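What follows is a single structure, written as C-alpha cells, with notes after it.
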Amino acid sequence: MIGKIDISLVLLLMSTVIIIIMAYMIYKNSNKSQLKNVFISIIVLLFIWNIGTLLELCVRLRYGYTEMVFINICYFSISFIPISILLFGIVYAHTRIKFSWKYLMLFIIPLLSTVLIWTNNMHKLFFVKYSVNNKDAIYGSYFYFHSVYSYICIFIGISYLVVFSIKNSGYFSKQSLFIVIGFLVPVFVNIAFTLNLLDLPFLSNSIAFTIFGLFEMIAIFKFNFLNLMPIAMGTIVDRISDGFIVIDENFRITDYNKTMQNIFDPIVKIKRKHYLFNVLGFFKSHEMYHFKEVIRKVNVMKESIIFEHHFCEEKFDKYFNIEITPIISGENHLGNIILLKDITQNKVNLKKISEQQEQIIEQERLSSLGMLMGGISHNLKTPIMSIAGCIIALEDLTKEYNESVGNTIVSESDHHEIADEMLTNINDIKAHFSYMSNALTAIKNQVASSDTRKEISFTLEEIIQNIEFLMKYEVKSNFCNLIISNETKENFLINGDIGTLVQVIDNLISNSIQSYGKITHTTSADASSRNIEFIIFEKGDYIIFKVKDYGRGVTQEIKDKLFKEMVTTKGKEGSGIGLYLSYSKIKVMFQGDMWLESEEEKGVSFYIKVHKNLI
C-alpha cells in the first residue's frame, strides 16, 4: 500500500508541476483571446484541485485520517471544471461569446454543489459516508444529480471540440485531437471512479489530469493552439473569394475551402483523401499532362508557379489564374497548395473594353470621315463649280467660233481673241485641277489606315499647307477668319504621321468655328470678331501648335475632364470622342502633350506639344 501511495504522490506532484509550468507559459503567451482566458480558468481550478488533494494526502499519510476541509476544497474545483470545459468548447467553436444571463445560469448548480459539500454534515445530501476509496464511499441523492449535470456539461463541451475539429480537419484536426484526448482521459477515469467500475483512490482523478496537462501542453506549444482560432480560421478561408486545395506529397487532397467546392460543384465533388488527378478526371489528356508537369516543376524548383488556364466543359466555362506553391518544412517537401483565382469576369470585362474601344475608334473614324467629307465638299465645291463655268464658257466660245467660220465680218483679230479666251479657260481648268489634286493629297494623308502609315518626317510648311487646303472653305462658309502665324526661326522636321497631326489640328479648328455658333450671314464687323488663330512657336526642344478662338470657352468642370473622359460642350451635336482620341494620339504617336487654357465667354486656347528636329 505504501508503495502505491508513493507512486501516486509522485504522479500527483508531477501533475501539479506540469500545471504550474502550463500556467506560467500561458501567462507569458501574448495572446489575449477569450479562449485563453477560459483555458486559464481550467488551469486555476486544476491547480486548486491538485493542491487540495496533495494536502489531504499529506495529512492522511502523517496522521492516518481524512481531513474533509481539503476534500471540500477539491470538490469546489470539481464542481466548476465541467462548466469551464463547456465554455471552452463553445468559445473554441465560436471564437468569442457574449456572457449573457443564459451562461450565468450554468453556474447555479456548481454554486449549489459547493454549498451542499461544505454543509454536508448537516443533511448528508452529498455524502452519506465519505471514503478516499470509491468502493467504500456511500453517496447522497444530490451527488448523482450533481454528477449527471457535470457529465452533461463535459460531454457537450467535448462534443463542440470534436464536431468543429472534424469540420476544420487538416492541420487543426491534429491540434484538436490532442485537446480531445487530453480531456477524455480524466473524464473516463472520473466516470470509472464515480460508478465504481474500478477500485480507484480519490487522487486518481488528479493523476488523470496529469495526462490532460501533457496533451494540452503539446496542443498549445507545438500547434500554437491559443494563437490560432480554428473556427475563425476555418471561417476566414471559407469566405476567401479564391479557392484552394492542399495536397500531400502523394497528390492526395488533405484540405480545401468552401470556395473551391463551390467553383467545381457543377462538374465534380471534391473530397479529402481522394487522389487529385482522379478528382480532375474531367481534364483533357494534354491538360492533365501540363498540370502534372507544372507540379513536378514546382517540387523541383521549390518555388511558386502561376499560370492561366481555361476550363471549358459542357456546363462549365471559366478562366482561372492558378498558383501552385510547395509546402516545405526544413528540407522536407510535405505537399502543395493549389490556389485558383476566378478571372472569368475579368476576361469578360476586357472583351467588353476591347469591343468598346473598337466602337470608339470606329465612331471616331466615321466622325473623321464625316468631317473629311465636309472638308472635301468645301474644298472641291468651288473649283468644280469654276471648272463647270469654264466648260460652259468653252462651249460658248466653240459655238461662237463655229459660227464665225466663213463669216467675212469676223476679222483675224476676232479669231485670235476667241482663241485667247479659250486658252484662258483651259489654264483656269488646269489651275483648279492642280488645286484639287493638292487638296486630295492632303485628305488622303488623313484617311490612310494607321496600320499602313510610316514613321516619316514632315516640315512645318507641309503642316501649314495641309491646314490651309483642308480648312479654307469650312472657315469661309462659317464666316470666320483663320489667321496662321509661324513664329519659328527655322524650318524644323517633326517625326511621325503628318495626316494624324493635321487631323488633330483640323479638329481643334473645327471646334473653334463651332464655338462661335452658326450664322447664315454677317457684317464685316461680325466677321472681324470671329477670328481663329493658328500659331506655331518654339519652346525648348519642342514645337508648340496653338489654336485660339474668342468664343464661349469651357467651364472649369468640363476643362478638368476634357482629355480624361469623353465629354463635350456641344450637347447632342458632340460625342466627346474627338478631343479624347486626339489627346491619346498626341501622347502615343508623337510622345507629346496636349492641354488647354480657357475662360468662360472669353474663348479657349488649345496647345499641342511635339518634339522638333532640325533639318
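Please list, short to long, the whole-number percent of alpha-carbon pairs of segment 57-97 in consecutive 5 angstrom bins beginning at zero.
Using 5 Å bins, I get a P(r) of 6, 21, 15, 13, 11, 10, 9, 7, 6, 3 for segment 57-97.
For the pair Asp396/His310, report the inter-label distance in nm, with labels modelled 7 Å from Cα in the Cβ direction.
For Asp396 paired with His310, the spin-label model returns 7.1 nm.
Sort Asp420, Asp549, Asp593 from largest to smallest accessible area, using a 1.4 Å probe on the heavy atoms of the protein chains.
Listed by decreasing accessible area, they come as Asp420, Asp593, Asp549.
Just to be sure I understand: if I project the alpha-carbon convex hull of segment 39-118 onto a plane and average over all orientations, what area do I get in nm²?
5.5
I want to check the label-to-label distance for Ile535 and Asn481. Put each point 7 Å from Cα in the C-beta direction and report it in nm to one decimal.
Each label point is offset 7 Å from its Cα along the Cβ direction, giving 1.6 nm.
Rank Val475, Val10 by accessible area, highest first, at a 1.4 Å probe radius?
Val10, Val475
Calculate, in nm to one decimal, what Val44 and Lys271 gain on full extension: separation in residues at 0.36 nm each, minus their alpha carbon distance.
77.6 nm
Given the whole protein assembly as supplied and a 1.4 Å probe, what does the accessible area of Ser584 come to in Å², nearest 10?
50
With a 1.4 Å probe and all protein chains kept in place, how much accessible area does Met105 have, in Å² rounded to the nearest 10?
100
Just reorder Arg296, Arg552, Arg60 by solvent-accessible area, largest first, 1.4 Å probe, all chains present.
Descending order: Arg296, Arg552, Arg60.
What number comes out for accessible area per residue over segment 51-190 if the probe is 1.4 Å? Units Å², please.
I get 49 Å² per residue for this part.
The values are calculated or read from the model by the stated rules, or taken from the named source; none is laboratory data. Because the structure is a prediction, the values reported are computed rather than measured. Glycine also receives a Cβ, built like all others from the backbone with ideal geometry; neighbour counts cover every protein chain displayed. Ligands, DNA and RNA are stripped out before the accessible areas are found, and what is left, the full protein with its side chains, is counted by its heavy atoms. Shrake-Rupley method; radii C 1.70, N 1.55, O 1.52, S 1.80 Å.
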